[in-house]
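Student: First the structure, then my questions, so here it is.
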Amino acid sequence: MLTERTTAMSTDRTAVELRRSLAQRISHLTTRNGENSTAISDLSLWRRTTPTPCYRASYEPGLSLFVQGRKRILLGGTEYLCDSSSFLLTSIDVPAQSQIVEASEKTPLLCFFLRLDLAAVREVLSREDLPEAPRSTHRQGLAVGVTTPGLLNAAMRLLDLLDTPEDIPFLGPLIHREILYRILRTPQADRLRAIATSGDLGHRTARAISWLRANYAKPLRIEELASTARMGVSTLHHQFRALTAMSPLQYQKQIRLQTARERMLMDGLDATTAAYEVGYESVSQFSREYSRFFGQPPIRDVKALKDSHSAAVTAF
């Protein structure tokens, strides 16, 4: 018992030191607030220096390692709190609500974000020597876990490759696979395992989500979507809600509204053009649903975002 306690304390100390080193490295590499891209195509680093109100955001399949600051995410009725000891695993494209609750100029929120390569996930899962991981009953497409020394170490080595760009093409994919291995050893990877496993209901539902994400402007015919997922309509509804905390129709509506907001904000589209572009046939219906979703009409909302410089339409 004493040996186990000593080992746990040593592991905790190692994790604390690794987080501190990772925070220093990310702080050095992030030259501006928001997203900072890197020479590794799937890797981006984030810095936020102020808390934010709760805002609508879109999450893509990926791994976020938080090494400083705190963030709160709401999906359906579930709250996910991410702090400096947390990782966030996202196994699907999903709209959610997000809020940075702890960040400052002196101690910014710092995050390492790695987009997941599902083909690489399947490759790692196919290995016979992959140890069994603890199982979880959590069914949503988001999960929060505690970072381990192994995961933090791999993340640091991936960042170190930025100092030797010539090594990235060869060593980058190897470290990416190690990070996947570390994640797949955690209970939080249960949904990721299901989604990456061909034939699993989670995998079929993810196929429907991907189709809907790519075709959000088209009319939604639930029977066709169920056929795409190769499951019955009622099964699709049940599995879809379990993963995303919403129905396919609600998912489509949120993707449409967030995309319209982004197009108005980034590309200067007017509300009418944006409404038609994302699939609405009625501008008045678009305005009503936009106001209900974002809290104010399109023109006023976009102006407020531009004035406050807080256009967080895509989150890490």
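What follows draws every value from the coordinates through simple rules; no lab data is involved. Bear in mind the structure is a predicted one, so any value in this text is a computation, not a measurement. FYI the Cβ positions are ideal-geometry reconstructions off the backbone, even for glycines, and counts take in every protein chain you see.
Student: Neighbour counts of other C-beta atoms within 10 Å: give me 40, 255 arranged from fewest to most.
Tutor: 40, 255
Student: Then there is this: For a footprinting-style exposure proxy, rank 82, 54 by other Cβ within 10 Å, fewest first.
Tutor: 54, 82
Student: If one takes the longest principal axis of the Cα atoms in the chain, at what angle in degrees, from 0 to 90 and to the nearest 10, does the Cα axis of helix 149-160 lie?
Tutor: Helix 149-160 and the main axis of the chain meet at about 80 degrees.
Student: What angle, in degrees between 0 and 90 and rounded to the nearest 10, separates the Cα long axis of helix 233-244 from the longest principal axis of the Cα atoms of the chain?
Tutor: It works out to around 50 degrees.
Student: Loop only by DSSP, 14 or fewer other Cβ within 10 Å of the Cβ. Give me the trypsin sites (Lys or Arg not before Pro) in segment 68-112 that pass, ordered by residue number.
Tutor: 106
Student: Spin-label point model (7 Å from Cα, Cβ direction): what's the residue 288 to residue 24 distance in nm?
Tutor: 5.9
Student: Same structure, new question: Which GluC sites (Glu not before Pro) from segment 241-293 combine a DSSP loop assignment with at most 12 other Cβ atoms within 10 Å?
Tutor: In loop regions of segment 241-293 (DSSP not H, G, I, E or B), the sparsely surrounded GluC sites (Glu not before Pro) are 281.
Student: If you take the Cα Rg of the chain and divide it by 2.2 N^0.38 Å, with N the number of residues, what do you get?
Tutor: Dividing the Cα radius of gyration by 2.2 N^0.38 Å gives 1.04.
Student: Using the Karplus equation 6.51 cos²θ - 1.76 cosθ + 1.60 (θ = phi - 60°), what ³J(HN,Hα) coupling, rounded to whole Hz, does each residue of segment 90-95 give in order, writing x for Gly and Pro?
Tutor: After applying 6.51 cos²θ - 1.76 cosθ + 1.60, I find 10, 9, 9, 6, 8, x Hz.
Student: Test of understanding: what is the full-extension gain from residue 272 to residue 210, defined as 0.36 nm times their sequence separation minus their Cα-Cα distance?
Tutor: Using 0.36 nm per residue and subtracting the Cα-Cα distance, I get 19.7 nm.
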